1. Check the straight Cα-Cα distances from K158 and name the aspartates and glutamates below 20 Å, setting aside those fewer than 8 residues away within the same chain.
2. Which aspartates and glutamates, on any chain, are close to K191 with Cα under 13 Å apart, when same-chain ones fewer than 8 places away are left out?
3. Rounded to the nearest 20 Debye, what is the dipole magnitude of the range 118-193 about its Cα centre when Lys and Arg each give +1 and Asp and Glu each give -1 at the C-beta?
4. Under 12 Å between alpha carbons, and skipping anything fewer than 8 positions from K125 in its own chain: which aspartates and glutamates qualify?
5. Just want to confirm a number: the relative contact order over the range 121-182, from Cα pairs under 8 angstrom separated by 6+ residues, in percent.
6. Karplus couplings for the range 75-89 from phi (6.51 cos²θ - 1.76 cosθ + 1.60, θ = phi - 60°), rounded to Hz, Gly and Pro as x?
7. Can you compute 3J(HN,Hα) from phi for each residue in the range 168-182, using the Karplus curve 6.51 cos²θ - 1.76 cosθ + 1.60 with θ = phi - 60°, rounded to whole Hz and x for Gly and Pro?
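Rule-based calculations on the coordinates, nothing more; no lab input. Note that this is a predicted model, so its numbers are computed, not measured. With ideal geometry, Cβ positions are generated from the backbone for all residues, glycine too; neighbour counts draw on all protein chains shown.
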Amino acid sequence: MPRFVRSSSGKAGGTRPSKACSKPASNELTRLLDKQFPKSASPTRALRAEAIRKILAAKPGDLYRGEPIYTARCASCHTLFFKGGQVGPDLTRYQRDDLSTMLSSILDPNAEIREGYENFIATTKDGRILSGFLADEDTNTIVIRGFDGSSTTIPRDKLKALTSAGRSLMPEGLLNGLDDQQLRDLFAYLKISQPISR
Ligand code: HEC
């Protein structure tokens, strides 16, 4: 099992890990995270956001065609109208018709991480390394919810380190590979105010 989290970098017990754990992660960890969450390439995000705005303004999208794109790229992590995963926040009541916040949330997930959804790395004394968000905790245990939505409960006395990676579990580059019309369709679907079913 590779060891990339320094044992001193987290607190294994007591209080909720807060800013104290948000110090820069070790180089090895950063490298691992860069691999797991690759940074998006140029053009810069502002330009990309501007380009997408223009694409969306040029023609309407078809929300029915957008649904499968949403299902493939977003639904594993987000619930929308009672369907979908729970890795990220429920999007049903999120301001999905506000294009600016939607674009920045999607293009730059690390810019602002919703409280409770920071990515943590837990290492256990028996050498396991788990990554996910802190779904729950009490004085005796912590619960890490991973990428796939599965939860793991770790007794605090088995925990060696708990480090905040300062990254979102939401990957960058989620819009990559979509053509102009697919972008319009996806954003049309993202704005739905009630579930569509066929
Ligand atoms: C691998 C899981 C994952 C996928 C796939 C994913 N997200 Fe997320 N998303 C998250 C997590 C975790 C957060 C909360 C952390 C953050 O704010 O970055 C989040 C946050 C968001 C937010 C901000 C919500 C809030 O309450 O602040 C929006 C909007 C969003 N995602 C939209 C999308 C859309 C649209 C897609 C598909 C194109 C998508 N996400 C795909 C995990 C994911």
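1. Answer for K158, where 20 Å is the Cα cut-off: D126, D136, E137, D138, listed by chain and number.
2. Here the aspartates and glutamates satisfying the reach criterion relative to K191 are D62, E67, D97, D98.
3. On the way: 9 positive and 11 negative charges, 58 e Å.
With only Lys, Arg, Asp and Glu charged at Cβ, the dipole is about 280 debye.
4. D157
5. On the way: 84 pairs, mean separation 18.8, N = 62.
Relative contact order of the range 121-182: 30 percent.
6. 3J(HN,Hα) across the range 75-89, in whole Hz: 5, 5, 10, 10, 8, 9, 6, 6, 10, x, x, 10, 6, x, x.
7. 3J(HN,Hα) across the range 168-182, in whole Hz: 7, 6, 7, x, 7, x, 5, 9, 4, x, 8, 7, 4, 5, 5.
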